[in-house]
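A short write-up of the structure that comes next.
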Amino acid sequence: MTEQSTKVHVKPADGRLGVLLPGLGAVSTTFIAGIENFKKGLGQPIGSLAEMGTIRLGKRTDNRVPKIREFVPLAPLNPIVFGAWDIHEENAWQAAKRASVLRDEHLDPIRHELEQVRPMKAVFDKEWVRRLDGPNVKTAESKYALAQMLMDDIQRFREDNRCDRLVSVWCGSTEVHTDITDVHLDPDRFEAGLKSNHPAISPSMIYAYAHIMAGVPYANGAPNLALDTPALAQLATDKRVPIAGKDFKTGQTLMKTILAPGLRARLIGVNGWYSTNILGNRDGEVLDDPGSFKSKEVSKLGVLETILQPELQPELYGKIHHKVRIDYYPPRGDNKEGWDNIDIFGWLGYPMQIKINFLCRDSILAAPVVHDLAMFLDLANRAGFFGIQEWLSFYFKSPQTKPGLYPEHDLFVQKTKFKNTLRYIMGEELITHLGLDYYYADQK
C-alpha cells in the first residue's frame, strides 16, 4: 500500500443533478428507464459500480469493504433529471417502445416520467452519419452558431429544471472516420473553423465544444474523433472541465480486455483473433456504412496491441492477425451476437483454439456504463479534477490519455487505477497488492 495523509476536498453532492444525453435512442432510453425504475424501488442496477460496487480499504485483515456509494459522495438518484437531443421528435417513452429493448413491465410503471423527456433539436449532418435522417434538426449559418444554440439549450435546461450541476454523456451514433487536421490542433484554430464551417468539424465535435464552453463535464461514448482532438482536450484543461472517452466498452471488446490479459500474463502465444458481430439496432444500421464502420474498427483494433505488447515479445504476439467485422442483421434487434475465434499456441509451439459466442444485449450492457460515467464525472468535477480523466478508462474501448502516453486496455489494470483514484480522493491508502507486510512484519 502507498501512504497518503490528506484527502481531496470534494464539494457535497447537494441539490439536483441534470444528465444530458446527445442521442435519445436505445442506449439512452434504457439508461433513463433503469434509473426511473430504481427510484421507485423496481429492479436492480446490475452492472453499475456506482450502485453495486464495493471497494477494499486498508489491509485485507481489516475487513473494510464498503459499497462505493457509501465510501465516496456520489449524487443521489432521486433528484436526477434528464435531457436529450435527437434527430427524431419522439419522447423517451416513444423512443423506448420503438427500440424494443425493455419489456412493458419496465416501461409501464414509468411511462409518465419517460414522456417528460422530450428531445431538443439536434445538431446533425448526414455527411457524418449517412444511414440516418430525421426532422428534429437545428439549422444555422455556421457551426459556431450551432454551438451557441447548444449552449443556449444547456442553459435553458439548467434553469427550467432548477439544476445545481450538469453532466453529459454522448449516446449518439458513430460518425464517419476522420483524422486530425490543422483545424483540430488548438482551440483558436478550432473556433475559427467553427465560424468558417470547416468541413472537418463534425457534429459530435460541436457538442463537445458546447459542453466544455458551458462548463459541463462530458464523456464520449462513441468512437468519433471529438474530445481526443488536441483543441478540445486543451480547451477542457483551460476551462477546467473533466472529460473522458471514448467508445463504451460493452460487448465483444469487453470480452477481449478480460481474456487477452490472461493470455499475456501466462505468456500464451496468439497467432490470430477473428471477431465478427451481428446486430440489428440503429447502431448496426449506422455501422453498415463503411465510413462509420471504419471509426468503430479503429477503436476495436487498438485493444490487443496495447495489451499483448508485440514489440516486447514478437515471438508470441508479433505475427497476430486481428480481424474485426460487424454485419447489420435487422431480425436480431438490440440483441447483439459476437463470435470470436482465437488461435493460440503453447509449450513447444503446439496450437490450440478458443471460441467465444457472446449473445448479449447491447443497451443492457451500455446503460450502467452511462450511469457510472455520469456519477463519476460529477464526482470528478466536485473534486476539482479537470481535463482528461484517464481513471475512467475502465469504461472505454479507446481510453483517452495525455499525448505520448499509451492507454491501458487491460481491464484489471484499469480497475486498479479506478479504485485507487477513489481511495486517493478520500485520503485512503493506495493498494498495490504487494502484500509482503503480511508475512515479514513480525520478523522486523
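Here, each number is a calculation from the coordinates, and none is a lab measurement. Keep in mind it's a predicted model, so treat the numbers as computed, not measured. A quick note on method: Cβ atoms are made from the backbone with ideal geometry, for glycine too, and the neighbour counts reach across all protein chains shown.
In the stretch 50-140, how many lysine pairs have Cα atoms under 21 Å apart, counting only pairs 8 or more places apart or on different chains?
Details: LYS59/LYS67; LYS97/LYS121; LYS121/LYS138; LYS126/LYS138.
Lysine pairs, 8 or more places apart or on different chains, close enough: 4.
Evaluate the relative contact order of the stretch 329-382 (contact order divided by residue number), counting alpha-carbon pairs under 8 angstrom at least 6 apart; express in whole percent.
Values: 46 pairs, mean separation 17.0, N = 54.
Answer for the stretch 329-382 is 32 percent.
Dipole of the chain, Cα-centred, from +1 at each Lys and Arg C-beta and -1 at each Asp and Glu C-beta, to the nearest 20 debye?
Working: 54 positive and 55 negative charges, 174 e Å.
With only Lys, Arg, Asp and Glu charged at Cβ, the dipole is about 840 debye.
Per the Kirkwood formula on distinct C-alpha pairs, the Rh of the chain is how many angstrom? Before the final figure, lay out the partial values.
Details: mean 1/r = 0.0439 Å⁻¹.
For the chain, inverting the mean 1/r across all distinct Cα pairs yields 22.8 Å.
Please tell me the relative contact order of the stretch 252-359 in percent, rounded to the nearest whole number, where contacts are Cα pairs under 8 Å and at least six residues apart.
With pairs under 8 Å counted, the relative contact order is 40 percent.
Applying 1/(1 + (r/R0)^6) with R0 = 22 Å to the Cβ-Cβ distance of LYS67 and LYS415 gives a FRET efficiency near 0.85. If you sort the three axes of the alpha carbon gyration tensor as a ≥ b ≥ c, you get a/c of 1.5 or more for the stretch 87-177 and a/b no higher than b/c, which makes it oblate. Each principal axis of the Cα cloud of the stretch 252-359 was evaluated for its coordinate range; sorted largest first, these ranges are 45, 24, 18 Å. Close amide H contacts of THR54 (hydrogens built in the peptide plane, cut-off under 5 Å, sequence separation of 5 or more or a different chain): ILE68.
A straight line joining the Cα centroids of the stretch 213-280 and the stretch 21-95 runs 20 Å.
Computed extension length for LYS97-VAL8: 27.7 nm, one decimal, from 0.36 nm per residue of separation with the Cα-Cα distance subtracted.
Quick check on packing: order 292-298, 361-367, 28-34 by the mean number of other C-beta atoms within 10 Å, highest mean leading.
Working: 292-298: 20.9, 361-367: 23.4, 28-34: 27.7.
The densest-packed peptide leads the list: 28-34, 361-367, 292-298.
With a 10 Å Cβ neighbour count serving as the proxy for reagent exposure, in which order, fewest first, do PHE345, PHE71, PHE248 appear?
On the way: PHE345 15, PHE71 20, PHE248 27.
Exposure proxy ranking, most exposed first: PHE345, PHE71, PHE248.
Per-residue Karplus couplings for the stretch 7-15, computed as 6.51 cos²θ - 1.76 cosθ + 1.60 with θ equal to phi - 60°, are listed in order as 10, 6, 6, 10, 5, x, 8, 7, x Hz, Gly and Pro entered as x.
Ellipsoid fit via the Cα gyration tensor, the stretch 341-444: semi-axes of 30, 27, 14 Å, each the root of five times an eigenvalue, largest first. Per-residue ellipticity at 222 nm from helix content only, as computed over the chain with -39500 (n - 2.57) for each DSSP H run of at least four residues, stands at -11000 deg cm²/dmol.
The 3J(HN,Hα) values that the Karplus relation (6.51, -1.76, 1.60; θ = phi - 60°) gives for the stretch 35-47 are, in residue order, 4, 5, 5, 5, 4, 8, x, 9, x, 10, x, 5, x Hz. Gly and Pro appear as x.
So for the chain: antiparallel DSSP bridges make up what percent, rounded to the nearest 5? List each step's numbers first, then the result.
Values: 22 of 50 bridges.
In the chain, DSSP labels about 45 percent of beta bridges as antiparallel.
Sort TRP85, TRP128 by Cβ crowding within 10 Å, fewest neighbours at the top.
Values: TRP85 26, TRP128 21.
Going from sparsest to densest Cβ surroundings: TRP128, TRP85.
Using a cutoff of 8 angstrom between alpha carbon atoms and counting only pairs six or more residues apart, the relative contact order for the chain works out to 22 percent.
Estimated at 0.36 nm per residue, the fully extended path between ALA140 and PHE345 surpasses their Cα-Cα distance by 68.0 nm.
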